[in-house]
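Report on the following structure.
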Amino acid sequence: MTALQIAATYIGTVVGAGFASGQEVLQFFTRYGSYAVLGIGLTTLLFFVFGLYAMSLGPMHGAPTFSDVSESVMSKGTSRLISGMLLILLFGITIAMMAGSGALLSEQFHWSFGMSAIFTGVVTALTLALGMRGMMSVNSVIVPFLVVFVVVLFLYVWWTNHGAIMQLAIPSSVPILSPWKLLFSAFTYAGLNVGLSFTVLVPLGHVASRRKVLISGALLGAVGLGLLLFLLHLLLVKMYPDGLQYEVPMGHLALSLPPMLRYSFVIILWAEIFSTLLGNVYGIASELSRNAKHSYFRWVIVVLSAALLVCQVGFARIVSIAYPIFGYVGLFILMMILLSERRLIRL
């Protein structure tokens, strides 16, 4: 396993529909105006520290799954509670990703919602039949395309904006909110995303061959995520304030792009949803197959089938109601692991 594969899997697990749409970047960073770049820089550092910590838990405790780690640092009851919360959290986001893929493909390519969601589910199942290897292979392809696309999109907007890069980086048009709130926002954003990625990052660290490779992978992943955040922030500033009233700000920008870039955006957005879906379903299936009689792949099929049934509720409704709850549960899980590790070290 190479550092690039680790970085690609890390990035692919974190990014998702909220990231690509621009809504997460807007809420956590862009609305802080000229302080946003500092917040993104701090978040990049936190992605490295938190991500490396999560990936180090596997080899540190000789644990191949998140549940194995939690059982080694917590009481049995607390471990079961945290693992149960994480599985419910991941399943909820799996439903949202499935609904998001159905909405995206049905709107852009005029497929039925059901057919769109089933297509995504089948591709996910076929990929996860190969386990961690399949997920890493897909992310090794998707993530470079994602980075290249965001860079190309930024360069296109920058060129049409006559190269006014500093006006985008330090905007005068965006209201400036409290920098102290931005500090909390940076910690929250990094904590939420790493907390939600525990079921992938722990086994990823466990199968890594060397500590040096793990550190390099975490660093490359954090820098890649920071670069994407920075470029998406600049694109959102360019659209301020008209484009920010939309639920999918980047979708509004895509409408003004040449057809090739527009359809590329749709494909990349679907790929991001797909990569997040892979990480979530893999995490759930690997955890459930640990002590259950059913095999890992049977759980993949069960989870995807259940998500297909529930996702009929609709993407917008799921995101508006459930995402805020999911986010703080993810941060709570991360803090519980950190506090338990600290108590263990003192003992």
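Below, the figures for the structure above:
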| item | result |
| --- | --- |
| Any hit, region 191-203, residues being surrounded by fewer than 19 Cβ atoms within 10 Å (Cβ to Cβ) and either modelled with pLDDT under 80 or not acidic (D, E) (or both) | no |
| Positions within region 90-101 being over 18 Å from I301 (Cβ atoms) and crowded, with 23+ Cβ neighbours inside 10 Å, in sequence order | I93, A96, A99, G100 |
| Among the residues listed as L128, L146, L105, the single one being at pLDDT 80 or above and within 30 Å of T65 (Cβ to Cβ) | L128 |
| A322 vs. criteria modelled with pLDDT of 75 or more, out of contact with any Asp or Glu (no Cβ under 7 Å at 6 or more places or on another chain), surrounded by 14 or more Cβ atoms within 10 Å (Cβ to Cβ) and assigned to a helix (DSSP H, G or I) | no |
| Unique residue being under 16 Å from the mean Cα position of the chain (by Cα) and either more than 19 Å from L225 (Cβ to Cβ) or of a type outside the set (S, T, Y) (or both) when the list is F28, F113, F109 | F28 |
| Wholly enclosed helices (runs of 4 or more DSSP H) of region 13-65 bearing at least 1 residues at pLDDT 90 or above and of a type in the set (A, V, I, L, M) | 36-61 |
| Any chance N139 is at pLDDT below 80, under 25 Å from G217 (Cβ atoms) and surrounded by 13 or more Cβ atoms within 10 Å (Cβ to Cβ) | yes |
| Region 204-221, residues that are at pLDDT 80 or above and loosely packed, with under 14 Cβ neighbours inside 10 Å | R210, R211, K212 |
| Hits in region 67-105 - residues which are under 18 Å from L57 (Cα atoms) and in contact with a Gly (Cβ under 9 Å, 6 or more places away or on another chain) | D68, V69, S72, L86 |
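Condition check ((1) in a loop (DSSP other than H, G, I, E, B); (2) of a type in the set (S, T, N, Q); (3) in contact with a helix residue (DSSP H, G or I) (Cβ under 6 Å, 6 or more places away or on another chain)) across all residues:
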| residue | (1), (2), (3) |
| --- | --- |
| D68 | no, no, no |
| S83 | no, yes, yes |
| L89 | no, no, yes |
| I95 | no, no, yes |
| G102 | no, no, yes |
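The values are calculated or read from the model by the stated rules, or taken from the named source; none is laboratory data. Here the structure is a predicted model, which means the values were calculated and not measured. FYI the Cβ positions are ideal-geometry reconstructions off the backbone, even for glycines, and counts take in every protein chain you see.
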